[in-house]
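The values are calculated or read from the model by the stated rules, or taken from the named source; none is laboratory data. None of the values given here were measured: they were computed from a predicted structure. Cβ coordinates were reconstructed from backbone atoms using ideal geometry, including for glycine residues, and neighbour counts include every protein chain displayed.
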Amino acid sequence: MKVAIVILNWNGKALLQQFLPSVVKYSGNTPIYVADNASTDDSIAFLKKNYPQVSIIQNPDNGGYSKGYNQSLKQIDAEYYVLLNSDVEVTENWLQPIISLMDSDSTIGACQPKIKDQKQPTHFEYAGAAGGYLDKYGYPFCKGRLFYTLEEDLGQYNQNTEIFWASGACLVVKASLYNELGGFDETLFSHMEEIDFCWQLKNRGYKVMYCAESEIYHQGGATLETSNPKKTYYNFRNSLFVSFKNLPDNRVLPVILTRLVLDGIAGIRFGAEFQFKHLIAILKAHMAFYKALPLLKKQREKLAIHRKANDVFPPYNSSIVNDYFVKRKKKFSDLDQKLFR
């Protein structure tokens, strides 16, 4: 196969009912797979009855995004994997521009489309927008989305550009590279596994791209809503995990120490707003990080040869937290472009 579309599902019958029709309609003859993470609803029965043309892979347990894809992709032989969330509505001719872009340059390892908000279609969506970046302390943000400020799509990001990380909501990857990296880090379970994956691609000398000619609509928050403390836990924990694994040697200690302080300030802010569950989630995330340090050191040592070959820094040499909350810079265009390396 040239391309395989793989949709991860866990108790998502309602999402499949709503969004799968667009994928079937606008994906031509591209094979579609639903990788099911041991759902307890009737997702499988629904698929068998209504979409016999969709192949089903049944994973033995719910290992989250990382393990779910690692288990299922072993059973698919294709040149490109299209990892698509179950809450994504695709549009006509959404896939071919991405494949054409990746075919045009052998150094492209991953790519994402323009991701807009299914609930507010005129605006970019939180989980990816027009491509992902990291600031100097490892905090993620997107072109078209800084923290919770979503920009309206006015054509300002209509150029194909190299980015730092591509969204897991619709992540197109070269299968050979996915297998070479061993897939996603299963210790992350959910959230930021795509950032870790893309950073490792960068450390191996590959590009990650944003394809403006392709457009999809993402509902977002279908698995974990932003207000869920569990999401806060995974975001803070996994950001520390990913930074520790991938930062250059001379940056890892100062960045991690600074991050722990900044996370503490975020926790104090949550406490001041009486959001104590989120404060506790940050404390738990830090404890999980300390506990995981022996494993993270082993992972870091394993990646050392690739990391040292390229020494890929986060691209934005400033603090997005300071720019957004203190300097009140709310749009990507407000950021000092000279600080991007």
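With respect to the conditions (1) crowded, with 23+ Cβ neighbours inside 10 Å; (2) farther than 28 Å from ILE44 by Cβ, GLU92 falls short on a single one, namely (1). Using the structure shown, decide if SER190 is surrounded by fewer than 23 Cβ atoms within 10 Å (Cβ to Cβ), at negative phi and not acidic (Asp, Glu). Answer is yes for this residue.
If only residues of the range 57-82 that are in contact with a helix residue (DSSP H, G or I) (Cβ under 6 Å, 6 or more places away or on another chain) and among the aliphatic types (A, V, I, L, M) are counted, the one that is nearest to ASN37 (Cα to Cα) is ILE57.
Quick grid of which residues meet (1) touching a residue at least 40 places away in the same chain (Cβ under 8 Å); (2) under 15 Å from the mean Cα position of the chain (by Cα):
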| residue | (1), (2) |
| --- | --- |
| GLU180 | no, no |
| ASP196 | yes, yes |
| GLY205 | yes, no |
| GLY220 | yes, yes |
| PRO248 | yes, no |
| PRO254 | no, no |
| LEU262 | yes, no |
| ILE265 | no, no |
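With respect to the conditions (1) among the polar types (S, T, N, Q); (2) farther than 20 Å from LEU20 by Cβ; (3) free of Cβ contacts under 8 Å to residues at least 40 places away in the same chain, ASN50 lacks only one, and its number is (2). Would you check if there is a residue in the range 73-83 being of a type in the set (Ser, Thr, Tyr), surrounded by 15 or more Cβ atoms within 10 Å (Cβ to Cβ) and in the same structural domain as GLU152 (by TED's automatic domain parsing)? Yes, there is a match, as at least one residue in the range 73-83 is of a type in the set (Ser, Thr, Tyr), surrounded by 15 or more Cβ atoms within 10 Å (Cβ to Cβ) and in the same structural domain as GLU152 (by TED's automatic domain parsing).
Cβ-Cβ distances below 7 Å connect the following pairs, each with a first residue in the range 111-133 that is within 14 Å of GLN156 (Cα to Cα), a second residue that is aliphatic (A, V, I, L, M) and part of a strand (DSSP E or B), and a separation of six or more residues or different chains: LYS114/ALA212; ILE115/ILE216; HIS123/LEU150; PHE124/ILE115; PHE124/LEU150; ALA129/ILE115; GLY131/ILE163. Residues in the range 152-175: is at least one in a helix (DSSP H, G or I), in the same structural domain as PHE19 (by TED's automatic domain parsing) and either buried (at least 22 other Cβ atoms within 10 Å of the Cβ) or in contact (Cβ under 8 Å) with a residue 24 or more places away in the chain (or both)? Yes, the range 152-175 contains at least one residue that is in a helix (DSSP H, G or I), in the same structural domain as PHE19 (by TED's automatic domain parsing) and either buried (at least 22 other Cβ atoms within 10 Å of the Cβ) or in contact (Cβ under 8 Å) with a residue 24 or more places away in the chain (or both).
Can you tell me how many residues within the range 53-71 are of a type outside the set (A, V, I, L, M, F, W, C) and either within 16 Å of VAL23 (Cβ to Cβ) or without any contact (Cβ under 8 Å) to a residue 60 or more places away in the chain (or both)?
8
What about ASP185, is it of a type in the set (Asp, Glu), assigned to a loop (DSSP other than H, G, I, E, B), crowded, with 20+ Cβ neighbours inside 10 Å and within 17 Å of the chain's Cα centre (by Cα)? For ASP185, the condition - of a type in the set (Asp, Glu), assigned to a loop (DSSP other than H, G, I, E, B), crowded, with 20+ Cβ neighbours inside 10 Å and within 17 Å of the chain's Cα centre (by Cα) - is met.
Residues that are more than 21 Å from the chain's Cα centre (by Cα) and of a type outside the set (Val, Ile, Thr) number at least 1 in the following strands (runs of 3 or more DSSP E) confined to the range 1-98: 55-59. Restricting the range 206-238 to residues that are of a type in the set (Gly, Ala, Ser) and out of contact with any Leu (no Cβ under 9 Å at 6 or more places or on another chain) leaves a set whose member that is modelled with the lowest pLDDT is GLY221.
Does SER318 satisfy being more than 30 Å from LEU15 (Cα to Cα), outside any helix (DSSP H, G or I) and of a type in the set (S, T, N, Q)? Spelling it out, SER318 is indeed more than 30 Å from LEU15 (Cα to Cα), outside any helix (DSSP H, G or I) and of a type in the set (S, T, N, Q).
Do the conditions hold for TYR290, that is, is it among the aromatic types (Phe, Trp, Tyr), at pLDDT 95 or above, in a helix (DSSP H, G or I) and surrounded by fewer than 13 Cβ atoms within 10 Å (Cβ to Cβ)? Answer is yes for this residue.
Every residue, every condition in (1) under 26 Å from ILE108 (Cβ atoms); (2) of a type in the set (S, T, N, Q); (3) in the same structural domain as GLN17 (by TED's automatic domain parsing); (4) in a helix (DSSP H, G or I), yes or no:
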{"residue": "VAL208", "(1), (2), (3), (4)": "yes, no, yes, no"}
{"residue": "ALA212", "(1), (2), (3), (4)": "yes, no, yes, no"}
{"residue": "ASN235", "(1), (2), (3), (4)": "no, yes, no, yes"}
{"residue": "ASN238", "(1), (2), (3), (4)": "yes, yes, no, yes"}
{"residue": "VAL242", "(1), (2), (3), (4)": "yes, no, no, yes"}
{"residue": "LYS245", "(1), (2), (3), (4)": "yes, no, no, yes"}
{"residue": "ASN250", "(1), (2), (3), (4)": "no, yes, no, yes"}
{"residue": "LEU253", "(1), (2), (3), (4)": "no, no, no, yes"}
{"residue": "LEU257", "(1), (2), (3), (4)": "no, no, no, yes"}
